[in-house]
1. So what's the gap between the Cα centers of the stretch 157-177 and the stretch 70-147, to the nearest angstrom?
2. With a Cα-only, solvent-free Debye model of the chain, what are the log10 I(q)/I(0) values at q = 0.09, 0.11, 0.13 Å⁻¹?
3. Which of T100, T179 has the fewest other C-beta atoms within 10 Å, and how do the rest follow up to the most?
4. Please sort 191-200, 102-111 by packing, taking for each peptide the average over its residues of neighbouring beta carbons within 10 angstrom, highest first.
5. So which aspartates and glutamates can K123 reach, going by Cα to Cα under 12 Å and dropping same-chain residues fewer than 8 places off?
6. Report, ordered by chain and residue number, the lysines lying within cross-link reach of K171, taken as a straight Cα distance under 24 Å and ignoring same-chain residues fewer than 8 apart.
7. Sorting L141, L231, L222 on the 10 Å Cβ count, fewest up front, what's the list?
8. To the nearest 20 debye, what charge dipole does the chain have about its Cα centre, counting +1 at the Cβ of each Lys and Arg and -1 at the Cβ of each Asp and Glu?
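FYI, it's all coordinate maths here, none of it is from the lab. Keep in mind that this is a model prediction, so the values were computed, not measured. Here the Cβ positions follow ideal geometry from the backbone for every residue, glycine too, while neighbour counts run over all protein chains shown.
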Amino acid sequence: MPKDKHHIQSINNEFLRRVEQLQIAPGPSGDDVPEWTTDGIEELPGFFNATADIWDQKFGAEPDDPFYQAVALQIPQTDEPIDILDLGCGTGIQLEFVFTRAPNARVTAIDRAPNMLNQLQSKFADRTEQLKLQQGSLLELTFEHHAYDYAISTLTMHHFLPERKVAIYKKVREALRTTGIYVEGDQAATVEEEKSILYWYDRWIAKLPGGDSAEWNYDITLSPETQSRILREAGFSEVQLTWNCPSKGAVYVAKY
Ligand SMILES: C[S@@+](CC[C@H](N)C(=O)[O-])C[C@H]1O[C@@H](n2cnc3c(N)ncnc32)[C@H](O)[C@@H]1O
């Protein structure tokens, strides 16, 4: 759907209006606090639930989007009913790209925000038999063992601390068949940026209630170096960075 300037402006305003109504924790104190912390931080589950119905209007991707394509490209072009686990599926923007390659894929789509899952369900109303939706946190849920050919995750894992990610990746690896592949697309930071992100996490977010359980909308964006290391630490046999565009993100492919 073509979007005019006026429409984009009104969606941005509506998005901001909803975020302002959420619970906000104040920024850190001290003489050296960076400007980006001054507005405080909004709660994470509320953020996704409150914005789900306008999410695609703000963040929806064009069919030729190179980032989403780079993730989908790892899924074979096939009519077979391959099994895919989608971690933090949101409204299913990444799944739109996946279904163009594997239209008969059977997908277990997981998200903590019920409103995101509702949007995904209406988007793929003609695919209800291919979709199993599961609401809950990736930190707590368990996944069926050796049940999936692919696991994918796009723009979700930056919500978790490195050590929490390792625990999730171990569960993801166990969910894959021994020939299975995990594909992740996410934001990427330089090593210097990562240091600062983790520093402010420790100094600010970790001290808030639920700080270590992804309760606040703080992006723990990692460098490709750290990201590749923790995927290996979780037990994946081969880890490759297949796409890297600093302003858009990075795509990793990890073999069982
Ligand atoms: C930026 S969206 C990305 C959605 C989708 N993968 C895409 O690329 O369009 C991040 C999603 O992660 C979900 N999420 C955040 N924390 C989560 C958690 N602890 N467990 C499960 N899902 C979570 C959010 O609810 C949200 O839908």
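1. 17
2. Treating every Cα as an identical point scatterer, log10 I(q)/I(0) equals -0.40, -0.60, -0.86.
3. Numbers: T100 13, T179 8.
Ordered by Cβ neighbours within 10 Å, fewest first: T179, T100.
4. So the peptides 191-200, 102-111, ranked by packing, come out 102-111, 191-200.
5. D53, D56, E96
6. Qualifying lysines at Cα under 24 Å: K132, K255.
7. So the ranking, lowest neighbour count to highest, is L141, L231, L222.
8. Charge dipole of the chain: 460 debye, to the nearest 20.
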